Structures are given as C-alpha cells and as structure tokens.
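The values are calculated or read from the model by the stated rules, or taken from the named source; none is laboratory data. On a predicted model such as this, the values are computed, not experimentally measured, just so you know. In this analysis, Cβ positions are derived from the backbone assuming ideal geometry, glycine residues included, and neighbour counts consider all displayed protein chains.
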Amino acid sequence: MGRLDHVHIRVPDRAEAARWYAEHLGFEPVEAFDFWATGFEGGPLQISADDGATTLALFEATDGHPMEPLRTGVAFSVDADSFVAFARSLPCGIDHPNGEPLTPADLIDFDLCWAFDLMDPWGNVYELNCYEYDRIRDELVDADNVEPTRYWPRELYDAYRNPASS
C-alpha cells in the first residue's frame, strides 16, 4: 500500500478545525494542495505537521460536498509502477465502497493525483493515491483507455493554475 498519505477527517467547520490543529498540534495548510480547499465547493483543506509528507484532509460535514459522503478513512500513496500494477490487477477481490468489485474504471482524477477508493471486508474505506500524474495519465489512462471519474470539471483546476488565462 505504500506510505501513509493522509487521513480524512470530517469536521463541522473546516477553518475552526484548522485553527485548533495549528494551535494545539502544529499543523499548517499545505500550499501545494490549496486547489482542493479553494477551487470548488466542499473540497478538503490539507494540513500537515511534517511539511506535507502526511496530511489530515479536513472535510466540512455538509450536504454541499461534491463527492459521495465520506467516512473517516485512511489514504496511502504509492509510486507509479505500483499504482499501474494495482490497477491492472483489478478486479481482484477488493471492493469499491459501493460494494461492487473495484475495477480500473473506478479510477479518480483529482487533477493533482490519481486515486482508487476501496473497502476492506469489514467496511473500512481506504484511498490509494499516486502523485506521478503525467506517468499515470500516459501509462494507464491513455494506454489502457481508462475513463476516470471526475468530481469537478478540469476547467476549474486549469483556471486555478492559470488565473490570467481565464
């Protein structure tokens, strides 16, 4: 599964939670993931106490969240070779959180990384991420004609990265 990447934390007020984690535990927002917090409604605020190596993903527990309702969960990060091998091994006895067998078509494009949401036999939800974005696009998405899931239009990310061109 690779290294621990982040943990999903549901809070009633993301800003208040970020202040508490900063004051009491030394967590600070991770600028590299700011798009997820500011680029669209309901995205996570990634905070870290180790310069972004591992993060807490703070989600407001509201109906406005664009993704399926999240439970607290753990995300792992792997390199591109491991991610592609995992995707090509599917289906392999691992289920999607919806209870169906996990397949390559369950790939999620988060603009900054690729992910699979998965569930163990006891209902615990996990996320497997790869931040080698271009390699996964080339070696898996394009090579295997995988149509990933998107939770927001790519144009939001493009406008965020290039505000002068929007």
Exercise for the section: Filter region 138-154 down to the residues that are free of Cβ contacts under 8 Å to residues at least 12 places away in the same chain and of a type outside the set (A, V, I, L, M), then identify the one that is farthest from Thr54 (Cα to Cα). Expected result: Asn145
Exercise for the section: Could you tell me whether region 77-92 includes any residue that is part of a loop (DSSP other than H, G, I, E, B), in contact with a helix residue (DSSP H, G or I) (Cβ under 6 Å, 6 or more places away or on another chain) and either of a type outside the set (Gly, Ala, Ser) or at pLDDT 90 or above (or both)? Expected result: yes
Exercise for the section: For region 131-147, indicate whether the set of residues that are touching a Lys or Arg at 6+ places or on another chain (Cβ under 9 Å), hydrophobic (A, V, I, L, M, F, W, C), surrounded by 14 or more Cβ atoms within 10 Å (Cβ to Cβ) and modelled with pLDDT of 95 or more is non-empty. Expected result: yes
Problem - Candidates Tyr126, Tyr157 - the one that is among the hydroxyl-bearing types (Ser, Thr, Tyr) and assigned to a helix (DSSP H, G or I) - result: Tyr157
Exercise for the section: Would you point out the residue of region 42-70, among those that are at pLDDT 70 or above and among the charged types (D, E, K, R), that is nearest to Arg150 (Cα to Cα)? Expected result: Glu60
Fill in the blank from the handout: Counting only residues in region 119-129 that are under 12 Å from the mean Cα position of the chain (by Cα) and not acidic (Asp, Glu), the one nearest to Thr38 (Cα to Cα) is identified as Asn129
Fill in the blank from the handout: Of the residues in region 97-109, those that are part of a loop (DSSP other than H, G, I, E, B), modelled with pLDDT of 95 or more and under 19 Å from the mean Cα position of the chain (by Cα) come to Leu102, Thr103, Leu107
Practice task
Could you give me the residue pairs with C-beta distances under 6 Å whose first residue belongs to region 80-94 and is in contact (Cβ under 8 Å) with a residue 12 or more places away in the chain and of a type in the set (Val, Ile, Thr), whose second residue is part of a helix (DSSP H, G or I) and buried (at least 18 other Cβ atoms within 10 Å of the Cβ) wherever it lies, and which are 6+ apart or on separate chains?
Solution key: Val84/Leu140
Handout entry: Neighbours by Cβ (under 7 Å, 6+ apart or cross-chain): first from region 8-29, over 11 Å from Gln46 (Cβ atoms) and without any contact (Cβ under 8 Å) to a residue 40 or more places away in the chain; second charged (D, E, K, R) and in a strand (DSSP E or B)
Key = Ala22/Glu28
